[in-house]
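Working notes, structure below.
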Amino acid sequence: MKEKAVSKNKAASIYKIAAAAIFAALIAVGAFIKVPMYPVPITMQMLFTFLAVLLLGKWGGTVSVLIYILIGLLGLPVFSFGGGLTSFLKPSFGYILGFAAGNFLSGLFIDKLRIKSVKGYFAALTLNSLIIYIIGVTYLYLIMTLYLQKNVAATTLIVDYFLIFIPGDVLKALAASFIAFRVKPVTDKFQKRNS
């Protein structure tokens, strides 16, 4: 009996690791599905980041992003601007850091409120987006002004690096919410069977 429990724990751990790795890969692919803009391109990363937290929870969703960040910092060109340790100096790197914080905090929100509806998922992803933008825009401002020595007006920050992305991000959040609502019961059933 004890061996069966250990075997199920191994299966659950393998599932969680594999799922996090798959979503890290999807986030990397999403970096290359993009509309080029300066200095922050529009990408599909947020869709996969959103799906990671909705389907894997706060820990799995956050680990997916952290794996993605780690492989990018190790030099694999998985970011929309490349990869390597100098990625910290790119203006858009703050948005990537925001993915991890956003996934953790929105996952916590989902857990605390026991959200299982499209409307609830969308609310959690709205929180996720706000966290991403607070971190991303702040980081962008600091890199642009302190490192690149460029003046950036507050209106430019708000309009060009936040407001312009909202319509696309609302669509991504809606799509992720509907997809998760349909897929999550299946993944939950699979995960319960193997844990």
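Is it true that I143 is surrounded by 17 or more Cβ atoms within 10 Å (Cβ to Cβ) and farther than 26 Å from K184 by Cβ? So I143 fits the description; yes. Filtered by the rule that a residue be over 15 Å from the mean Cα position of the chain (by Cα) and surrounded by 18 or more Cβ atoms within 10 Å (Cβ to Cβ), the range 16-57 gives K16, V40. Checking each residue in the range 34-66 for being among the small types (G, A, S) and more than 16 Å from F104 (Cα to Cα) picks out no residue at all. G61 meets each of the listed conditions (1) closer than 23 Å to L140 by Cα; (2) surrounded by 15 or more Cβ atoms within 10 Å (Cβ to Cβ); (3) modelled with pLDDT of 95 or more; (4) not hydrophobic (A, V, I, L, M, F, W, C) apart from (1). Scanning the range 146-185 for residues that are among the aromatic types (F, W, Y), free of Cβ contacts under 8 Å to residues at least 60 places away in the same chain and not in a loop (DSSP other than H, G, I, E, B) gives a single hit, Y147.
Looking at G107, G120, G98 in this structure, which one is under 18 Å from P41 (Cβ atoms) and either in a helix (DSSP H, G or I) or hydrophobic (A, V, I, L, M, F, W, C) (or both)? Exactly one residue qualifies, and that residue is G98.
Could you tell me whether A31 is modelled with pLDDT under 95 and either over 19 Å from A173 (Cβ atoms) or in contact with a strand residue (DSSP E or B) (Cβ under 9 Å, 6 or more places away or on another chain) (or both)? Yes.
Residue pairs whose Cβ atoms lie under 6 Å apart, separated by 6 or more positions or on different chains, with the first residue in the range 35-51 and of a type in the set (A, V, I, L, M) and the second outside any helix (DSSP H, G or I) and at pLDDT 85 or above, are V40/S92; M44/I33.
Scanning the range 35-63 for residues that are of a type in the set (A, V, I, L, M) and farther than 18 Å from I17 by Cβ gives V35, M37, V40, I42, M44, M46, L47, L54. Report yes if some residue within the range 71-78 is in a loop (DSSP other than H, G, I, E, B), out of contact with any Cys (no Cβ under 8 Å at 6 or more places or on another chain) and crowded, with 21+ Cβ neighbours inside 10 Å; otherwise report no. Scanning the range 71-78 turns up at least one residue that is in a loop (DSSP other than H, G, I, E, B), out of contact with any Cys (no Cβ under 8 Å at 6 or more places or on another chain) and crowded, with 21+ Cβ neighbours inside 10 Å.
From the residues in the range 152-177 that are of a type outside the set (S, T, N, Q) and exposed (fewer than 13 other Cβ atoms within 10 Å of the Cβ), which one is farthest from S106 (Cα to Cα)? The selected residue is A153.
Per-residue answers, yes or no, for (1) among the aliphatic types (A, V, I, L, M); (2) buried (at least 21 other Cβ atoms within 10 Å of the Cβ); (3) without any contact (Cβ under 8 Å) to a residue 24 or more places away in the chain:
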{"position": "F109", "(1), (2), (3)": "no, no, yes"}
{"position": "K112", "(1), (2), (3)": "no, no, yes"}
{"position": "K116", "(1), (2), (3)": "no, no, no"}
{"position": "Y133", "(1), (2), (3)": "no, yes, no"}
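Checked against the criterion of being at pLDDT 95 or above, of a type in the set (S, T, N, Q) and closer than 16 Å to A20 by Cα, the range 64-83 has at least one qualifying residue.
The values are calculated or read from the model by the stated rules, or taken from the named source; none is laboratory data. Predicted model only: the values in this text are computed from it and were never measured. Using ideal geometry, Cβ is built from the backbone for each residue, glycine included, and neighbour counts are taken over all protein chains shown.
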